[in-house]
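Quick notes on the structure that follows.
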Amino acid sequence: MAVTANQLMERQDGCKRSYPVEESTRIYQGTLVYVNAAGYACDVTANGVNGFAGIAVAEADNTSGADGAIEVEVYTEGDFKLTLTGGAQTEVGMPIYG
(Lines give C-alpha, C1' and ligand atoms only; values in the text may rest on other atoms or scores of the structure.)
Protein backbone atom coordinates (compact mmCIF):
# COMPACT_ATOMS: atom_id res chain seq x y z
CA MET A 1 0.00 0.00 0.00
CA ALA A 2 1.39 3.40 -0.93
CA VAL A 3 1.68 6.16 1.64
CA THR A 4 -0.71 8.97 0.78
CA ALA A 5 -0.35 11.32 3.77
CA ASN A 6 2.20 12.60 6.25
CA GLN A 7 2.72 10.28 9.19
CA LEU A 8 2.98 11.42 12.79
CA MET A 9 6.25 10.04 14.13
CA GLU A 10 7.58 10.20 17.66
CA ARG A 11 11.36 10.43 17.78
CA GLN A 12 13.88 10.44 20.55
CA ASP A 13 17.59 11.21 20.11
CA GLY A 14 19.78 8.15 20.28
CA CYS A 15 21.73 9.56 23.20
CA LYS A 16 18.71 10.61 25.29
CA ARG A 17 15.87 8.71 26.95
CA SER A 18 12.99 9.67 29.24
CA TYR A 19 11.83 7.77 32.31
CA PRO A 20 8.87 8.31 34.64
CA VAL A 21 10.04 9.55 38.03
CA GLU A 22 9.31 7.75 41.31
CA GLU A 23 6.98 9.50 43.74
CA SER A 24 8.51 11.81 46.35
CA THR A 25 11.74 12.00 44.34
CA ARG A 26 13.76 15.00 43.18
CA ILE A 27 16.44 14.37 40.59
CA TYR A 28 18.93 17.17 40.12
CA GLN A 29 20.42 18.21 36.79
CA GLY A 30 23.75 16.54 36.06
CA THR A 31 23.33 13.70 38.57
CA LEU A 32 23.29 9.95 38.02
CA VAL A 33 19.82 8.48 37.45
CA TYR A 34 18.80 4.90 38.18
CA VAL A 35 15.67 2.84 37.42
CA ASN A 36 14.22 0.89 40.33
CA ALA A 37 12.53 -2.52 40.26
CA ALA A 38 9.13 -0.86 39.73
CA GLY A 39 10.42 0.87 36.57
CA TYR A 40 10.64 4.42 37.92
CA ALA A 41 13.61 6.78 37.77
CA CYS A 42 15.26 7.49 41.10
CA ASP A 43 18.51 8.89 42.46
CA VAL A 44 19.79 5.95 44.49
CA THR A 45 21.73 2.83 43.59
CA ALA A 46 20.06 0.71 46.32
CA ASN A 47 23.20 -1.39 46.68
CA GLY A 48 23.28 -2.39 43.04
CA VAL A 49 19.60 -3.33 42.75
CA ASN A 50 18.66 -0.32 40.59
CA GLY A 51 19.94 -0.17 37.02
CA PHE A 52 21.92 2.83 35.81
CA ALA A 53 19.90 4.86 33.27
CA GLY A 54 22.08 7.89 32.55
CA ILE A 55 22.77 11.47 33.62
CA ALA A 56 19.89 13.91 34.14
CA VAL A 57 19.60 16.55 31.40
CA ALA A 58 17.54 18.82 33.67
CA GLU A 59 16.06 18.79 37.15
CA ALA A 60 12.92 16.69 37.65
CA ASP A 61 11.06 17.51 40.87
CA ASN A 62 8.39 14.93 41.67
CA THR A 63 8.51 15.45 45.45
CA SER A 64 4.77 16.12 45.61
CA GLY A 65 3.64 13.89 42.73
CA ALA A 66 2.59 10.29 42.29
CA ASP A 67 4.69 7.62 40.60
CA GLY A 68 5.21 8.65 36.97
CA ALA A 69 3.56 12.08 37.33
CA ILE A 70 6.57 13.60 35.53
CA GLU A 71 9.48 12.30 33.49
CA VAL A 72 13.19 12.91 33.59
CA GLU A 73 15.28 13.04 30.44
CA VAL A 74 18.74 11.48 30.69
CA TYR A 75 21.85 11.38 28.54
CA THR A 76 22.69 7.75 27.80
CA GLU A 77 25.92 8.39 25.92
CA GLY A 78 28.74 10.88 26.04
CA ASP A 79 31.79 11.97 27.94
CA PHE A 80 31.09 13.71 31.23
CA LYS A 81 33.33 15.34 33.79
CA LEU A 82 32.13 14.14 37.19
CA THR A 83 33.35 14.55 40.75
CA LEU A 84 34.70 11.32 42.26
CA THR A 85 35.06 10.86 45.98
CA GLY A 86 37.48 8.29 47.29
CA GLY A 87 39.44 8.13 44.04
CA ALA A 88 43.19 8.18 43.50
CA GLN A 89 45.24 10.44 41.26
CA THR A 90 45.87 7.45 38.96
CA GLU A 91 42.13 7.29 38.24
CA VAL A 92 41.85 10.83 36.80
CA GLY A 93 40.64 10.61 33.21
CA MET A 94 39.68 6.94 33.51
CA PRO A 95 36.18 5.63 32.71
CA ILE A 96 33.78 5.12 35.62
CA TYR A 97 30.52 3.22 35.72
CA GLY A 98 27.29 3.95 37.61
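Of the accessible area of the chain, with the probe set at 1.4 angstrom, what percent is carbon plus sulfur?
Carbon plus sulfur share of accessible area: 49 percent.
Give me the Debye-computed log₁₀ of I(q)/I(0) at q = 0.10, 0.11, 0.12, 0.24 Å⁻¹ for the chain, equal point scatterers on Cα only, no solvent, two decimals.
Values returned for q = 0.10, 0.11, 0.12, 0.24 Å⁻¹ are -0.35, -0.41, -0.48, -1.25.
Given the peptides 86-97, 44-55, arrange them by the average over their residues of other C-beta atoms within 10 Å, most packed first.
Top to bottom by mean Cβ count within 10 Å: 44-55, 86-97.
What does a probe at Ala66 reach in segment 18-40, counting residues whose amide N is under 12 Å from the point 7 Å along Cα→Cβ?
23
Tell me, what is the per residue accessible area of the chain in Å², probe radius 1.4 Å?
Details: 7340 Å² over 98 residues.
Heavy-atom SASA per residue in the chain reads 75 Å².
The values are calculated or read from the model by the stated rules, or taken from the named source; none is laboratory data. Just so we're clear, the structure is a prediction, and the values are computed from it rather than from any experiment. Every residue, glycine among them, receives a Cβ derived from its backbone with ideal geometry; neighbour counts consider all protein chains shown. When the accessible area is computed, the model is the full protein with side chains, heavy atoms only, and any ligands, DNA or RNA have been set aside. Shrake-Rupley method; radii C 1.70, N 1.55, O 1.52, S 1.80 Å.
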